[in-house]
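Remarks on the structure that follows.
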Amino acid sequence: MASGAGKSAAFMLLIVNLILYLIIILISGWAVNHGIERAHEAASVLSIPARIFPIYFPFGNLATGFFVIFSLIAGAVGFITSFTGIHNVIQWNAPNLHAAAASSLVTWTLTLLAMGLACKEINIGWIDSNLRTLETIMIIVSGTQLFCMGAIHAGIEDVVGRQMTGRGRGRV
């Protein structure tokens, strides 16, 4: 892969992920805030085990609480990783690309965890339209994060291959 193509592909995917993770943060932050504000009156009629959890979501189904919390965590980590990944891709050298690859792998695993909970919530059914939007964006961002991680890893192979061929000819 040519250096310019890998760099531009990774850069554009990081920009797309930055926007998608920001949307995930906004929607899941709204859901957590709504759950906290409505928890006292909604959970007061529940039995003791259900009242122990401090956030009760009066919308969605039984998987909603886990899905919203994990999507908020994945969104925050993904936003910061995409932001720092843009800087690392602009530098386009081996240490920065290795840092971007490691952080993108961590972000992808958290995103897959939240996507799995989104799939479980879809399977259970009975969800709100805002949660459908969050589920859809979470599924989309898991794919774009995978492609971004692949572009960064291809860039690492390209940069390391250039360094190895440059050193073999006596250039540093």
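Every read-out reported here was derived from the displayed coordinates using simple, explicitly stated rules and does not represent laboratory data. Please read these numbers as outputs of a predicted model, since none were measured by experiment. Please note: Cβ atoms are built from the backbone with ideal geometry, for glycine as well, and neighbour counts cover all protein chains shown.
Extension gain for residue 129 to residue 30 (0.36 nm times residue separation, less C-alpha to C-alpha distance): 34.3 nm. Taking a Cβ cut-off of under 13 Å around residue 62, the surrounding Lys, Arg, Asp and Glu residues balance to a net charge of 0, with basic ones at +1 and acidic ones at -1. Spacing of the modelled spin labels on residue 165 and residue 15, each 7 Å from Cα toward Cβ, amounts to 2.8 nm. For the stretch 147-161, backbone phi angles converted through the Karplus equation (6.51, -1.76, 1.60; θ = phi - 60°) give residue-by-residue couplings of 5, 5, 5, x, 5, 5, 5, 5, x, 5, 4, 5, 5, 5, x Hz, Gly and Pro being listed as x.
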